[in-house]
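K.L.:
Sharing a structure below in structure tokens format, with a few things to ask.
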Amino acid sequence: SSQLSSLPLHILLYVNGVYYIFYFLATLAMIIYKSQVFSYPDDFLAPDLAVLFLMAILEVPRLYLGFKGNLTEAEAPLGLSLGLTVGSVLLCVYLLLWQSYVLWADVLLNAVLLAAYGLESGLKVTAIAAFVS
Amino acid sequence: PADTRDAAQARVRSAPAPVTDVARLCVCDLLVAQCDANCCCDPDCSAEDFSLFTTCSIPVVVGDSQLCSQKAAVYSLDVEANPPERIFKLIDQVNPSIFCIHATNYEQALYLKSPEIPTAENFDELLDKFGGASFSAEPDSWNLDTDAQNSSEANETSRYEYGVPVQTEDAFLRLPSPVVSSWCSDANPAGFLVNQATKCIRSVSVEKCDSIQALSMLFYINSSILAVPKSSQMVNITVQSIVVQSVNGMRTLLSSSEALRLPMVLDELCINAVLGVNYHITHTDTGEIIEAAAAFVLGAISREALSIEQSFEISFTQENTQPVPLSGNPGYVVGLPVRAGFQPQGYPFPAAFLSNKHSQLTILHSTSTQDCLAAQGARAPVLFGYNMISGCKLRITAAMKCQPLAQTLLDVLKGQSFPEYVASFGNSQAQDVLDWVPITQLHISEQMISHALQSSCQIPVSLGIEVKWTKYGSLVNPQARIVNVTATITSTTLKQLPSGREKIIPITSSVIFTDISSPAEPSYKAWPTINIKLPFDFFYPFV
């Protein structure tokens, strides 16, 4: 039988993992920069930091389930990963649109991450369809 | 995440909206309804005014330059056209930096913080802080902190320093003084080593005479002073003397000041009310207070009086020293008397100088009668930096003898005890011999060339004291230092008058202060030298 695991999905998940580490550190550094340079009171800083850390916490199981589901050709983990991706997308949209200060660098980083999530979701759906049938 | 997302959706996402329209903002428009010169954005200027401008003082008006894209109003003058006209362009200025602000969701992001609006919750706190006549940055209570202070910290602050409030058992030593108006405020602490004298008005009434605390002696001496800050060593305030002032102003010193006299009402007068307190604090040279005494002036308040004036004074003396008023520390302060003294025993064992109030440098003080012989003894102290001239008129009759007249005039000009030395610095100590400058005495006699008679009478007619001073010390805080003092006596010949005739001669004395400081030279630190030394076994295998 031919191999059902999707190689592009695997590559994309791997690249996503590396990029996410860079994204997390860059966004955290920029929040620190913004809090020093601009007026950033605590009750506006706390939600932004909370969203960033929540996204980081979600990313780990999401990537793990994606890898596992793709390699074991099981649709349940892949489906769960897809659900977590929806959550990550919403948090990413928050950081893109509703942060207290959205810098141009923020727009770039979040746009790239959203594109990666979108492509990933497409590939996951294709892989689930392949596994189910 | 659910509530965060809800809260986020409640906020409106917006690009930072320009609250002020840059097209209408003009910083150089200062005159109302008039055209400002060279102000291209002024709406009051017409085209003819623009044709007279040479340049635009404000070429660009922008908002916050950290935004990624914003409107900018550009003003320029087109000098090629005839007549010159103003060009106004509204352009989009782009910030190329990658960290420019693309959007903000926080309305007050780019504005200054607005002050606290009083609400029902914070009103009391705001009233406490800002409701009084003055805002105080000090803590509200002056109580001793017995907690939170460990012993090592207490050891470091175990002495009083200049200006630190003198602490007592309950709060601090009060020196009532006028704060905003002339009414007495009891919240003024006395600072250590700060000699102060204050006068203020207190409202009184004879009926409540014994209940007003500030009128009773007990209020000023009941709490003992702490010998060192935050310690438990107490120094009681003793009553040094009591002076009773009667209703018509006459003061009597009471012989025994043991008994405490409290105010009481005695046939329509309130007697024993405190009219003045004079504190004398003795301290050691390590900042510890060892003695405190208060001298009181008590008086009587009549029924009609609604307020009385109280005067308070505090002075600090170091133990085992005689207080000598300094004229500067270390340089002389303009307006303070020049300190002078004598050397009691001369060469070869010069003892310390005697310097007290009676041996100041003084000059003749002009009186209203202007008669030299009548008003002898009126002297004025020489104040540093103040050039003075004074004089009197001498009536010479034929019967006056020369020598006694000359001696009298010398006394009039120089005074009873003309000092020999002047202190170089305002705080020169009597035992530092090198800090005292000798007064050079010169004698000039105006002799008529034609009359070369040696036996003629010479009488002194003027004394000129010239004090040469220089600026000493650092460039930013130069201290005045007296370098040279010269006293010049000018004498003139006195011709014998025919009998019955009188002559009036003016006698003058003057003091001049001359600044002989050389121009200041800033000195620079030497360049640091690089000291490189190789270790001695650097060339090991070869050496």
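K.L.:
Counting only the backbone N, which residues of region A:47-63 are under 11 Å from the spot 7 Å out from the Cα of A:THR72 toward its beta-carbon?
P.N.:
none
K.L.:
Same structure, new question: For a quick check: sort A:SER5, B:SER474, B:SER462 by the number of other beta carbons within 10 angstrom, fewest at the front.
P.N.:
Ordered from fewest to most neighbouring Cβ atoms within 10 Å, A:SER5, B:SER474, B:SER462 come out as B:SER474, A:SER5, B:SER462.
K.L.:
Between B:LYS393 and B:ILE512, what is the FRET efficiency for a Förster distance of 22 Å, r being their Cβ-Cβ separation, to the nearest 0.05? Intermediate results must be reported in sequence, preceding the final value.
P.N.:
Details: r = 22 Å, r/R0 = 1.01.
After rounding to 0.05, the efficiency reads 0.50.
K.L.:
Determine the gain in length on full extension of the stretch B:GLU521-B:SER205; use 0.36 nm per residue of separation and subtract their C-alpha separation, reporting nm with one decimal.
P.N.:
Numbers: separation 316, 0.36 × 316 = 113.76 nm, distance 6.45 nm.
Result: 107.3 nm gained on full extension.
K.L.:
Let me ask something additional. Given 37 °C and 0.692 mPa s, compute D for the protein assembly as shown with the Stokes-Einstein relation, Rh being the Kirkwood radius over Cα pairs; round to the nearest whole µm²/s.
P.N.:
Estimated diffusion coefficient is 89 µm²/s.
K.L.:
Using a Förster distance of 35 angstrom, determine the FRET efficiency expected from the C-beta separation of B:SER158 and B:ASN427, and round it to 0.05.
P.N.:
Plugging the Cβ-Cβ distance into 1/(1 + (r/R0)^6) gives 0.85.
K.L.:
Could you give the dipole magnitude of region B:164-324 about its Cα centre, charging the beta-carbon of Lys and Arg +1 and that of Asp and Glu -1, in debye to the nearest 20?
P.N.:
My answer is approximately 240 debye.
K.L.:
Hey, another quick one. Would you work out which of B:ALA73, B:GLY63, B:GLN108 lies farthest towards the positive end of the dipole of region B:31-109, given +1 charges on the beta-carbon of Lys and Arg and -1 on that of Asp and Glu, about the Cα centre?
P.N.:
Projecting each Cα onto the dipole axis, the largest value belongs to B:GLN108.
K.L.:
Fewest to most neighbouring Cβ within 10 Å: what's the order for B:ILE212, A:ILE32, B:ILE516?
P.N.:
B:ILE516, A:ILE32, B:ILE212
K.L.:
7 Å from Cα along Cα→Cβ at both A:VAL18 and B:GLU85: what's the point-to-point distance in nm?
P.N.:
For the pair A:VAL18/B:GLU85, the computed spacing is 6.2 nm.
K.L.:
Report for region B:164-324 the percent antiparallel among DSSP-assigned beta bridges with both residues inside it, nearest 5.
P.N.:
Details: 34 of 50 bridges.
Around 70 percent of the beta bridges assigned by DSSP in region B:164-324 are antiparallel ones.
K.L.:
Just going by the charge dipole of chain B, with Lys and Arg at +1 and Asp and Glu at -1 on Cβ, which of B:TRP436, B:GLY299, B:THR408 is farthest out on the positive end?
P.N.:
Positive-most Cα among the choices belongs to B:THR408.
K.L.:
Now a separate question. Determine, from the Cβ-Cβ distance of B:ASP21 and A:LEU54 and an R0 of 41 Å, the FRET efficiency 1/(1 + (r/R0)^6), rounded to the nearest 0.05.
P.N.:
With R0 = 41 Å, the Cβ-Cβ based efficiency is 0.50.
K.L.:
What is the projected area of the convex hull of the Cα atoms of chain B, averaged over all directions, in nm²?
P.N.:
62.0 nm²
K.L.:
Could you calculate the contour length gain from B:ASP92 to B:ILE504, that is, 0.36 nm times the residue separation minus the distance between their Cα atoms, to one decimal place in nm?
P.N.:
Full extension from B:ASP92 to B:ILE504 adds 139.2 nm.
K.L.:
Of all beta bridges DSSP finds with both residues in chain B, what is the antiparallel percent, to the nearest 5?
P.N.:
Working: 84 of 118 bridges.
Around 70 percent of the beta bridges assigned by DSSP in chain B are antiparallel ones.
K.L.:
Residue by residue, what Karplus-based ³J(HN,Hα) values in Hz, rounded to whole numbers, does region A:81-86 have, using 6.51, -1.76 and 1.60 with θ = phi - 60° and x for Gly and Pro?
P.N.:
Along region A:81-86, the couplings run 4, 5, x, 5, 4, 4 Hz.
K.L.:
While we're looking at this one, here's another question. Relative contact order, percent, of chain B when contacts are C-alpha pairs under 8 Å separated by at least 6 residues?
P.N.:
Relative contact order of chain B: 8 percent.
K.L.:
Continuing with this model, one more query. Averaging sequence separations of C-alpha pairs under 8 Å and six or more residues apart, then dividing by the length of region A:7-132, give the relative contact order as a whole percent.
P.N.:
For region A:7-132, the relative contact order is 31 percent.
K.L.:
Report Rg(Cα)/(2.2 N^0.38 Å) for chain A, keeping two decimals. Show your work: numbers first, answer last.
P.N.:
Working: Rg = 16.5 Å, N = 133, 2.2 N^0.38 = 14.1 Å.
Its radius of gyration relative to the 2.2 N^0.38 Å reference: 1.17.
K.L.:
Here is a follow-up. Test of understanding: ordering A:ILE21, B:ILE505, B:ILE281 by Cβ neighbours within 10 Å, fewest first, what list do you get? Don't jump to the answer; show the numbers that get you there.
P.N.:
Working: A:ILE21 11, B:ILE505 15, B:ILE281 24.
Ranking A:ILE21, B:ILE505, B:ILE281 by Cβ neighbours within 10 Å, fewest first, gives A:ILE21, B:ILE505, B:ILE281.
K.L.:
Return the long-range amide H neighbours of B:GLN196 (sequence gap of 5 or more, or a different chain), with a cut-off of under 5 Å between placed amide H atoms.
P.N.:
Sorted by chain and number, the residues that satisfy this are B:ILE314.
K.L.:
Put +1 on the Cβ of each Lys and Arg and -1 on the Cβ of each Asp and Glu in chain B; which of B:HIS280, B:ILE201, B:ILE91 then has its Cα farthest toward the positive end of the dipole?
P.N.:
Toward the positive end, the furthest listed residue is B:HIS280.
K.L.:
If you don't mind, there's one more thing I want to ask. Taking amide H positions as placed in the peptide plane 1.01 Å from N, state which residues far from B:GLY276 in sequence (5 or more) or on other chains have amide H under 5 Å from it.
P.N.:
Residues meeting the amide H criterion: B:VAL297, B:SER311.
K.L.:
Taking square-rooted eigenvalues a ≥ b ≥ c of the alpha carbon gyration tensor, is region B:55-95 rounded, prolate or oblate, where a/c under 1.5 means rounded and, failing that, a/b exceeding b/c means prolate?
P.N.:
prolate
K.L.:
Pull out a ≥ b ≥ c, the square roots of the eigenvalues of the alpha-carbon gyration tensor of region B:164-324, then state rounded if a/c is under 1.5, prolate if not and a/b is larger than b/c, and oblate in the remaining case.
P.N.:
Here region B:164-324 falls in the prolate category.
K.L.:
Between region B:29-95 and region B:227-302, what's the alpha-carbon centroid distance in Å?
P.N.:
73 Å
K.L.:
Along the Cα-to-Cβ line of B:ASN236, 7 Å from the Cα, sits a label point; which residues in region B:293-325 have backbone N less than 19 Å from it?
P.N.:
Only B:293-296 fall inside the zone, counting backbone N under 19 Å.
K.L.:
Given contacts defined as C-alpha pairs under 8 Å and at least six residues apart, what's the relative contact order of region B:31-109, whole-number percent? Write out the running numbers ahead of the final one.
P.N.:
On the way: 121 pairs, mean separation 19.4, N = 79.
Computed value for region B:31-109: 25 percent relative contact order.
K.L.:
Now for a separate question. Could you sort out which of B:LYS471/B:LYS525; B:LYS230/B:LYS471; B:LYS393/B:LYS468; B:LYS414/B:LYS468; B:LYS414/B:LYS471 sit more than 31 Å apart by Cα distance in this structure?
P.N.:
From the list (B:LYS471/B:LYS525; B:LYS230/B:LYS471; B:LYS393/B:LYS468; B:LYS414/B:LYS468; B:LYS414/B:LYS471), the Cα-Cα distance tops 31 Å for B:LYS230/B:LYS471.
K.L.:
What do you get for Rg/Rh of region B:327-515 when both radii come from the Cα atoms and Rh is the Kirkwood radius?
P.N.:
On the way: Rg = 18.7 Å, Rh = 18.0 Å.
Rg/Rh for region B:327-515 comes to 1.04.
K.L.:
Add -39500 (n - 2.57) for each DSSP H run of 4 or more in chain A, then divide by its residues: what number comes out at 222 nm, to the nearest 500 deg cm²/dmol?
P.N.:
So the helix-based figure for chain A works out to -31000 deg cm²/dmol.
K.L.:
Restricting to bridges with both residues inside the protein assembly as shown, how much of the DSSP beta-bridge set is antiparallel, in percent to the nearest 5?
P.N.:
Rounded to the nearest five, the antiparallel share is 70 percent.
K.L.:
Per the Kirkwood treatment, what hydrodynamic radius in Å, one decimal, follows for region B:31-109 from the mean inverse distance over all distinct Cα pairs?
P.N.:
It is 14.5 Å.
K.L.:
If you don't mind, another one. Evaluate the distance, in nm, between pseudo-label points positioned 7 Å from the Cα of B:ASP128 and of B:LYS71 along their respective Cα→Cβ axes.
P.N.:
4.8 nm
Only the coordinates and a few stated rules stand behind these numbers; no lab work does. Keep in mind the model is a prediction, meaning the values are calculated, not measured. Please note: Cβ atoms are built from the backbone with ideal geometry, for glycine as well, and neighbour counts cover all protein chains shown.
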